[in-house]
Each structure stands twice: as structure tokens, then as C-alpha cells.
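Trainee: I have a structure I would like to understand better, so I am pasting it below and will then ask my questions one at a time.
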Amino acid sequence: MMITPDTDWISNPSPYIILSEVKNKDVRILEVLGLCQQDPVNFRRENCSCRTRDMLSPQGLLYKQPSVLKGRTNVVTVTPWLAPIVWEGTFNPLIVDSIYKPMHLSIATTVFAVGKYVRFLRDFLETAEKHFMVDFKVHYYIFTDRREDVPAVVLAPGRNVTIIPVPGSNRWQEISSRRMEMIQTAIENQIGKEADYIFCLDVDTKFHGRWGAETLSRLVATIHPGYYEHTHEHYPYERRPASRAYIPAGEGDYYYGGATIAGYVRDVHKLTKYCREQLEADAANSIEAAWQEESHLNRYLLYNKPTKILSPEYLWQDFKAKNNEVQIIRFSQVNKNYAEVRPNVKKRK
Ligand code: UD2
């Protein structure tokens, strides 16, 4: 059975790699073997190949020897399901870059700038060019209803922008939630054919420090800066059983922010599709989860554990004072006048 030049899929079945490569009869054999699932998106083989790449590090690279005994002690750096939690001091950028930069990965980055939020785009893009996935091919997908207000920002070679027109809305909750559906559709139409990884980011933000390949993984979530010191009974989970985002008391890991979701394109596609379906099911029952798509995201991630978690260094809020755990703020939500920028107002968390 001729399937793929590498055999990693056997130990780590990856149906999307297989589907695009094999002839119909091989797909049938794989279905019988339980290795093949149908998916609406025809992901190219090379889009998914990142998982099978070797972690090659060049000979002669000199760096501080990693220790088995010494490391960060004032924060937890691994989850109970053994996913890393990325903090300053847990990775060596030199090693990470030496492994990932030669892979020539394509990184899709979605950002929504609808209505007055278009004003945040310039700072977002300019600071991203300084700090975000520097030296990688980054394709920004800007979803906006104000194409004419998208600023011209000089991008480094290999980086480009596509503007995707979207309708406005008079409810900010709808704009924020609808991102799930629109990202899902954009992956199916375009991003799935182009990118290895995808980052979905809030626009009312700025980068302040390195955000590099240490953030790459299959399914990446970020701990919300407002709740990392709290236990789950204090999380703003959706607590009404009538909502599809419901999380019963007693359950919970971390509270994840809706501002940064990332991973392999196919895994983020699965997540956005799930959230979109749950949002629609809630809407059909005239219910809106406490924090819209973020509530559905938190439910999804409770039962579909992320493979890597970004610490609050990767999602801070400008109004919060820096503290001992957070040695560097890499990405932060700017202070905004909610009453002024939103078409309708709701108190922030
Ligand atoms: C939180 C989340 C956000 C989202 C929201 C709940 C963090 C730090 N932020 O932020 O990701 O989950 O709760 O729905 O975790 N937008 C527009 N135009 C608008 C309104 C929103 O373009 O009029 C877009 C924009 O990209 C913005 C994003 O939607 O960054 C989220 O909206 P927000 O920043 O107003 O939501 P916020 O601050 O409550």
C-alpha cells in the first residue's frame, strides 16, 4: 500500500495527510483500518508535514547547557497532561530558532478589525513586524468592514497581507463571536491550502517582546491574565446548563483567553468549527454564553486538552501591573475606552 514517503503516520495517524495523497482504494483500506476520517477541508500534504519534521539542530551551535536540576521555580511549567507552559526561562531562543527557522514554515495570522477597532491595526501590525515570528513567512489575514482605513505598514520580506471584507455589526459580542465562523470558512477557502500553522489574535493589542517558534504546537491556548491566580470556581465559565458552553462546578483546568488561539491549521479548523456550531445551537435557543466564543473555547479546551500553553507573558493587559512571575510582557491588550470603540457596551472582565 503506497501511502506516504515517511511512516510516522502509522504511530501517529494523520488522516489529512493521507487523504490528499492516496487513491480512492487506499482511502477505503485506511477507513477499514480505522486510520482515515473524512474532513471537509482538503489539506495539502505539505501543510501538515510540520509534525513529521525532525528537530534538527546544527552541529557546532554553542549555548548554555540545559540543566536537569535548575529551572524556573516560582511558576508551573508543565500541565498535568504534560503539555509545556511557556514562560521566559523555559526555552532557549537560540536553540528554538536553529530548529524551526530552517523549516521554512508558513504562518497564517488572522486579525479582525471591524468598525472602530480598525484604529488598533497600525500598532498591532507595526509591533508584530518587530516581535512576532520574526524571520518566518507570516501571512496576515485582516478581516474588516473598513478596507479603506487599513494602514499601509512596511512588512519584512516574505510577509504579506490579505484583506477579507466582512460585514459590520451593531453588537460587539456578535463581531467577536462571528470570528469563529469566519476563520473556519477562511481556512476552508484559502488558509488550509497555504499555511502550516495559524494564529488567531485580537487586534486591540501590541507586541512588546519576542513571540517566536517556542509558541508552535498542534493546539495552543493562552492563560488569561485575569485569572491565572484564581481557582476554577472563580472563572467566568458559562454556568447555565442550557448553554452548550456549560461547565459544571468542580471542573476546570485554566481559564483561557479568547484573544490568542493557535496551532496546526487543521486543529484550529476543528476548534473554530466546534465553537461556531455551539454558538449557533445556543443562538437557536436564544441563549448567549457569558463570554461568547471565549466560553465555548474554554469548554472545548477543557475536553480537548491543548498541546502547549502560553503563559500570561503572551497575553497581558496594559492596565495590570507587572509582577514577579511575569518576567517579560510579550503581548498585551491596550487600554481602550469601551464605551467609545464598541458599537454597544458591556463591562469588561
Ligand atoms: C475578551 C477576549 C476576546 C473575546 C471577548 C469575548 C482577551 C484578552 N480578550 O476581550 O478575545 O474572547 O472577551 O467575546 O482574552 N472586534 C472588532 N470590532 C468590535 C468588537 C470586537 O473588530 O467592535 C474584534 C477585535 O479583533 C477584538 C476582538 O474582536 O480584538 C475581541 O473583542 P474585544 O477586544 O472588544 O473583547 P474583550 O476586550 O472583552
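Trainee: On a C-alpha basis, how far is the centre of the range 246-275 from the centre of the range 276-328 in Å? Whole number, if you could?
Mentor: Comparing the Cα centres of the range 246-275 and the range 276-328, I get a distance of 7 Å.
Trainee: Which whole-number percent gives the relative contact order of the range 94-149, counting Cα pairs below 8 Å spaced six or more residues apart?
Mentor: Dividing the mean separation by the residue count of the range 94-149 yields 53 percent.
Trainee: Could you calculate the contour length gain from Arg119 to Val345, that is, 0.36 nm times the residue separation minus the distance between their Cα atoms, to one decimal place in nm? Intermediate results must be reported in sequence, preceding the final value.
Mentor: Values: separation 226, 0.36 × 226 = 81.36 nm, distance 1.76 nm.
Full-extension gain reported as 79.6 nm.
Trainee: Mean separation of Cα pairs under 8 Å and 6+ residues apart, divided by the residue count of the range 76-173: what relative contact order is that in percent?
Mentor: 26
Trainee: Now, a different point. Given the range 42-182, what percent of its DSSP beta bridges are antiparallel, to the nearest 5?
Mentor: So the antiparallel bridges amount to about 5 percent of the total.
Trainee: Another question, if that's okay. So for each of 302-312, 233-243 I average, over its residues, the number of other beta carbons within 10 Å; can you give me the resulting order with the highest mean first?
Mentor: 302-312, 233-243
Trainee: For the modelled label position 7 Å from the Cα of Asn189 along Cα-to-Cβ, which residues of the range 134-162 have backbone nitrogen atoms closer than 14 Å?
Mentor: 141-145, 162, by backbone N distance to the label point.
Trainee: Provide the packing ranking of 205-216, 268-279, 54-65, i.e. peptides ordered by the mean count of other C-beta atoms within 10 Å per residue, highest first.
Mentor: Details: 205-216: 20.7, 268-279: 22.5, 54-65: 8.4.
Per-residue Cβ counts within 10 Å, averaged per peptide and sorted highest first, yield 268-279, 205-216, 54-65.
Trainee: Could you work out the relative contact order of the range 247-331, using alpha carbon pairs under 8 angstrom and six or more residues apart, expressed as a whole percent?
Mentor: Numbers: 51 pairs, mean separation 23.4, N = 85.
After rounding, I find 27 percent.
Trainee: What is the percent carbon and sulfur in the accessible area of the range 139-298, measuring with a 1.4 Å probe over the protein chains and ignoring ligands? Could you put the intermediate results ahead of the total?
Mentor: Values: 3030 of 6070 Å².
For the range 139-298, the apolar C and S fraction of the accessible surface comes to 50 percent.
Trainee: With label points built 7 Å along Cα→Cβ from the Cα atoms of Ala281 and Asp318, find their separation and express it in nm.
Mentor: A separation of 3.9 nm, rounded to one decimal place.
Trainee: May I ask for the distance between the Cα centers of the range 116-187 and the range 56-96, given as a whole number of Å?
Mentor: 31
The values are calculated or read from the model by the stated rules, or taken from the named source; none is laboratory data. Being a predicted model, the structure only gives us computed values, none of them experimental. Quick reminder, even Gly has a Cβ in these numbers, built from the backbone with ideal geometry, and neighbours come from all protein chains shown. These accessible areas exclude ligands, DNA and RNA; they are computed on the full protein's heavy atoms, side chains included. Shrake-Rupley method; radii C 1.70, N 1.55, O 1.52, S 1.80 Å.
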